[in-house]
Every structure is written in C-alpha cells, then in structure tokens.
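Remarks on the structure that follows.
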Amino acid sequence: MTAKRTLKDLIAGKAMFLITAGCGVLVLVMALGLLIRAWPIMQIKPLHELLFSVSWSPMKGDFGMLPFIMGTLWVTGIAIVIAVPISLLTSIYLSEFALSRIRELSRPFIDLLAGIPSVIYGIWGVIVIVPLVKGRLAPLFGVSSTGYSVLAAGIVLSIMIFPVIIHITMEVFQAVPAGLREASLSLGATQWQTVKHVVLRRSLPGIIAANVLGFSRAFGETMAVLMVAGNITKIPGSVFDPGYPLPALIANNYGEMMSIPLYDSALMMSALVLFVVVIFFNVISRYILHRIRLRIS
Amino acid sequence: MRSSFNKFEEAVFRFLMIVSTLVVLGCLFLIIGTVLFKGIGSMDLDMITRTPQGGYYLGKEGGVLNAIVGSIVLTSSATAIAFLASLPVVLYINIYAGKNSRFAELIRLSLDFLWGIPSIVYGAFGFIIMVYFGISASLLGGIITVALFILPIMARAMDEVISLVPVELVEASFSLGSTRIETASRVVLRQTLPGIISAILLAFGRGIGDAASVLFTSGFSDRIPLSLTQPAATLPLAIFFQLGTPFPEVQERAYASAFILTIIILIVSISARLLAARFRRHTIQ
C-alpha cells in the first residue's frame, strides 16, 4: 500500500517536472523558432540595413524596417508620456491617501480595465479618440489630420497600460515599511511630504520597473494600435501624422507573406525584434523588482 | 510663509491625484459605456442566432453566431489545455521543488517573461509551429496558440494563491503521512480552489478577447467549425473585419459584435469574483 503510494508520488513528480521544465524552456524555444524563420533574410541583408533603412517594398526585395520601428517608438513614447504621470498620481492616491474602502473598491475596476480586450479599446478609439483628434486636437494646433494618427494610438495605448503600471506601483508602495512612514510623520512631516521624501524616494527603482513593464506592454500591443494608427509606411513627422507600428505590420500582412520571397522571413524578423526588445525590458524590470523583494525579506 | 507654500503644494497634488484617479476610472466607464451604448442600438436577435448569410459583409442579413461559437469553443479548449499544463507547473514548484527554491524562482522568472511577450509574437510562433507540423489555419492551430498565450497568465495567477498556502498546513499534511502528491491534490488544491477558479476565468477572459494571436492561426470562416481541422471565426476578428469594411451597416454590426464580446468579458470577470467568494467558505481560514 505504502509502496504504491510512494510510487504514485514519484511518477507524478517526474511527470510534473517534465511539464515544468518544458514550460521553463518555452521562452528559449520561441526565440529559437523565430530566429530560424528570420534567418534567411538576416543572411542576405546586413542587420543595420534591415533595422535602419527607410525603404520598405517587399516586391522589390527591400525590407527596411525603420518606418515601423519609428512608428512603434512614437506611439509607445506618447503612451508612456501620458500614462506615467496619471498612473503614478493614481497609485499614490490609492495607496497613500484614499480610505482603505475606496482602495479596495477601486481594485476590481482597475483589474477590469486590464481585462478589456484590445479590439474593444480599438473600436472605442475609432468611435471616440479618432474624431477627437481630427475635430478638436488637430485644429487646436492648426493642423489637419484624419484622426488616424500616432497621437490617437498613443492615447488609446496609454489607457491600456494604466492598469499595468498602477498595479505594480501600488505593490511597490505597499512594500515600503510602515515604520519609515511613521518616522517621517512623527517628525512633523505632512502626508504629502512623507510621500515625496520617503515613499517615492524609497520606491524609485520599483516605480521605474513598473513603467518599463508598462512600456514593454505598449511596445507589443497590436490590435488597438492597428485600428487607430493609420498604417502608412512613412516615419511620422508630428503626433498628428499616421504611423505604422511594427506589430501592425505583422498583423496586416500575414495574408500575403507567403507569396513574396523573403516576405515571411522579414515579418518573422519583425516579430523577433519585438520579442528581443520586450524580453530586454522585462529582464531590466524583473531584475529591479527582484532586488526590491530581496531587500524586503 | 514656508508652511503656507507647503500647504498649497499639498493641496495641488492632492487635487491632481484625485483627478488622475477619476481619469483612470472614468476611462473604464467611458469605454464600456460607449461600446455598450453604441452596440445595443445595432443588436438584434439575428446577430446571436444566425451565421453570416450570402453578402453579409456587404450589408445583407445574418449574424455572428459563427464567431461566438468559434470563440467559445476555441477559448474553452485552450483554457482546458493551459489548465492541464499550468496546474502541474505550479504544484511542482510549490510542493515538490519548494516554493523558495532556486528552481521555483527560475520557473517564475520564465513565466514572467512569457507573460510579457506580446500576443502577436505568440501568433507568429504558433504559425511557425503549424508550418513545422503541417497544420493549416484551423481551430486546432488557434487552440494551440491561445493555450500557449494564456498559459503564463493562468500559471502566475495560480502561483500567487498557491504560494500563499501556510507552510504549517503543508507540514501538518506531511506529518500525517501524506505523500507530496496527496498533499498537493487533497490539501493545497482544496484550500486554494477559489483562487484557482479565478485564475482559470481570468485566463479565459484574456484568451477570448485576444485577436492578434488567432489572426494567423485560426483562419476565419462563415460557418461554425465542426472539426479541429476546419478554420474557425472568432469574435475579436469578426469585430475587426466588420469595422474594416466600407459599409456603415456592416460597421454597425461590428459595434453589435463588440457589445457581445464586452458582455462576455463582463460576465466572465463578475462570475470569477462571485465564484471565488462562493468557494471561499470551503477553505480553512
């Protein structure tokens, strides 16, 4: 009886280990898969030409990705500029100032914001943000715009990354020892002074990590951006210009990619670029968060 | 003088913080409100009871039943697979390897990385797998890709609850002579059931709303998929395609489809909360 139970335990352990190990190497398998598929084009074209050339015409065999990389950077940059102050202030309010009842009440709503599908963000962007940019914001600066612009995409993206940044920042704030806050308050500092000089200073690395994660989330977001960014292969000159971010390029061209030589390889290479950038930012922020967690325990 | 400036500064920031919080929550209500309001006007019974008929994308009659069924079948299967894969992972790192072990940390790190990878990259990777195994764009391809995409979401959410199980509870079970798998399945699993159910529903919600991962892999079809090898329509893609047509009638249907998807997402998130609360009474506090 005992032998049977021990055997069961061992077999279950081995099987579970195999699944766990498979899960552990999945990142590497993905990297390898993308690399293999991107290899043909990387062999023919030098990397700097692929990444920094502006000429993109698959029919002629030109695969310069700079317009798409710039499109992504514009969109992500705008998103982060809008999202950082708003989500930081929200996190401070919810974690340091609001009554605990309000904090608990707002949590499911922020989770819900994170759970809205990107295509819903996209359709909302088309209904609300695009006309807003076209009818209000662009005329305000004396520019004409179709509304389908990097600004519209940036605004939609910023809302999508609010919950990511707020969630992690609030956790970072909770990790600041209560004793530090009490020491500051007992010296006569006001609540805001305590936040400014103690909480924010103490959690600065964590705040950076949270925003880097938000940035990398925005970097790979596809559908919402695809629907509002305008998708014109040209480096945007202003926030009211359309852009063509990298994820949108992949999503838009999957249909025809098998019919033109090297096209699929070029698209897989753009997926690889996304993968590498996102993993890079994740490594940085996870490292910071890991260090903080070590400091806590 | 100095202190009055401090007071002013505090008041300004307090104001800004409240405004920011209202902006964040306001965006949520604005998005859901807009989509529901726009969608309800274009909703009719045909949308949820019929598949697209001839000329549907030109404005002729029909509905998106194909996409509703496709989405639900695809995401349910993917969720089941992701569950079968992520449960062993989470139990292994927490019970067998030890929740603070180096191995557990390594797996958590790799799950974090997987969580951060954009869904379009999962789509591309799923496509590579399908080409490798010679699968064409089909329900099966979509299931595999979405399962991979939601695996880290589910595993991280489960790990969050399972790693919080008190060590004493696990040790008490061991001291009564249970093996690790018995402890895992009869004590830890039962104790964390509410959290596990929320994790499953969370992953289902993410899976059903994602379009970029199924774009390459599941294809699109006006018919309800009857086997794994047939292409399957999904709601997010139906929204995207309908909005992309130049016909206002079809765009109206995109709003109606967005309405359906939003309702599904709301039902899933609300029931995740309710179920979690309901199952919580079976756990030892």
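Between A:Leu213, A:Met65, A:Asn231, the Cα set farthest toward the positive side of the dipole of chain A (charges on each charged residue's Cβ, about the Cα centre) is that of A:Leu213.
With both labels modelled 7 Å from their Cα along Cα-to-Cβ, the A:Leu204 to B:Arg223 distance reads 6.4 nm. Within the shell of other residues whose beta carbon sits under 14 angstrom from the beta carbon of A:Leu26, the net charge comes to +1, with Lys and Arg scored +1 and Asp and Glu -1.
Packing, taken as the mean count of other beta carbons within 10 Å per residue, orders the peptides A:270-281, A:30-41 from highest to lowest as A:270-281, A:30-41. Going by the alpha-carbon gyration tensor, a ≥ b ≥ c the square roots of its eigenvalues, is the range B:147-193 rounded (a/c under 1.5) or, if a/c is not under 1.5, prolate (a/b greater than b/c) versus oblate? Judged from the Cα gyration tensor, the range B:147-193 comes out prolate (a/c at least 1.5, a/b above b/c). If I take R0 = 22 Å and measure r between the Cβ atoms of B:Asn6 and A:Leu180 in this structure, what FRET efficiency does the formula 1/(1 + (r/R0)^6) give, to the nearest 0.05? Given R0 = 22 Å and the Cβ-Cβ separation, E is 0.65.
Over the range A:51-296, all Cα pairs binned in 10 Å intervals from 0 give whole-percent P(r) values of 7, 27, 29, 21, 11, 4, 1, 0, listed from short to long. Dividing the Cα radius of gyration of the protein assembly as shown by 2.2 N^0.38 Å, with N the residue count, gives 1.00. When each of B:Lys99, A:Lys4 is scored by the number of other beta-carbon atoms lying within 10 Å, the sequence from fewest to most is A:Lys4, B:Lys99. Panel order for A:Phe52, B:Phe241, by other beta carbons found within 10 Å of each beta carbon, from fewest to most: A:Phe52, B:Phe241. The fraction of all Cα pairs in chain B landing in successive 10 Å bins from 0 to the largest distance is 6, 22, 26, 22, 14, 7, 2, 0, given as whole percents.
Straight-line reach from A:Lys196: taking Cα to Cα under 19 Å and skipping same-chain neighbours fewer than 8 places apart, the lysines in range are B:Lys7. Taking label points 7 Å from Cα along the Cα-to-Cβ direction, A:Thr146 and B:Ser76 give a separation of 4.1 nm.
Considering only A:Leu200, A:Leu99, A:Leu113, the mean-square fluctuation computed in a Gaussian network model of chain A, springs between alpha carbons under 10 angstrom, is largest for A:Leu99. Size descriptors for the range B:2-42, from the alpha-carbon set: Rg then Dmax equal 17.6, 60 Å. Convex hull volume of the C-alpha atoms in the range A:94-174, normalised per residue: 116 Å³. Rounded to the nearest angstrom and listed largest first, the equivalent-ellipsoid semi-axes of the range A:216-297 from its Cα gyration tensor are 32, 18, 10. Peptide B:10-16 has a mean of 4 when you count, residue by residue, the C-beta atoms of other protein chains within 10 Å of its C-beta. Taking amide hydrogens as placed 1.01 Å from N in the peptide plane, the amide H of A:Lys234 sits under 5 Å from those of A:Tyr244, each at least 5 positions away in sequence or on another chain. Of the DSSP H helices in chain B, those that are both long (alpha-carbon extent of 15 Å or more along the helix axis) and hydrophobic (Kyte-Doolittle mean at least 0.5) are B:2-42, B:65-91, B:102-116, B:119-133, B:139-162, B:193-209, B:248-279. In nm, to one decimal, how far is the B:Tyr132 label point from the A:Ser100 one, both placed 7 Å along Cα→Cβ? Label at B:Tyr132, label at A:Ser100, 5.0 nm between them.
Once C-alpha pairs closer than 8 Å and six or more residues apart are averaged by separation and normalised to the residue number of the range A:1-147, the relative contact order reads 8 percent.
Over 23 Å between C-alpha atoms is what I'm after, so list which of A:Lys134/B:Lys60; A:Lys45/A:Lys234; A:Lys4/B:Lys99; A:Lys134/B:Lys38 land there. In this structure, A:Lys134/B:Lys60; A:Lys4/B:Lys99 exceed 23 Å between Cα atoms. The Stokes-Einstein estimate for the range B:199-285, based on a Kirkwood radius over Cα pairs and taken at 20 °C with 1.002 mPa s viscosity, is a diffusion coefficient of 143 µm²/s. Once the other residues with Cβ under 13 Å from the Cβ of A:Val119 are scored (Lys, Arg +1; Asp, Glu -1), what is the net sum? Computed value for this residue: -1. Here the extension length gained between A:Asp62 and A:Leu35 equals 7.8 nm, from 0.36 nm per residue of separation less the Cα-Cα distance. The equivalent ellipsoid that matches the C-alpha gyration tensor of the range B:22-174 spans semi-axes of 39, 22, 15 angstrom, in descending order. Using the alpha carbons alone, the radius of gyration of the range B:30-103 stands to its Kirkwood radius in an Rg to Rh ratio of 1.32. Counting only DSSP H runs of at least 4 residues, each contributing -39500 (n - 2.57), and dividing by the residue count of chain B, the helix-based mean residue ellipticity at 222 nm comes to -23500 deg cm²/dmol.
If you take the Cα centroid of the range B:92-137 and the Cα centroid of the range B:214-238, the two points sit 24 Å apart. Of the DSSP H helices in chain A, those with a Cα length along their own long axis of 24 Å or more and a mean Kyte-Doolittle hydropathy reaching 1.6 comprise A:66-92, A:150-174. Springs between Cα atoms under 10 Å define the GNM used for chain A, and in it the highest mean-square fluctuation of A:Val198, A:Val75, A:Val84 occurs at A:Val198. Subtracting the Cα-Cα distance of A:Arg136 and A:Leu262 from their residue separation scaled by 0.36 nm leaves 41.1 nm. Kirkwood's formula applied to the C-alpha pairs of the range A:2-44 gives a hydrodynamic radius of 12.9 angstrom. The Rg/Rh ratio for the range A:1-126 is 1.19, where Rg is the radius of gyration of the alpha carbons and Rh is the Kirkwood radius.
Every read-out reported here was derived from the displayed coordinates using simple, explicitly stated rules and does not represent laboratory data. Computed from a predicted structure; not experimentally measured. In this analysis, Cβ positions are derived from the backbone assuming ideal geometry, glycine residues included, and neighbour counts consider all displayed protein chains.
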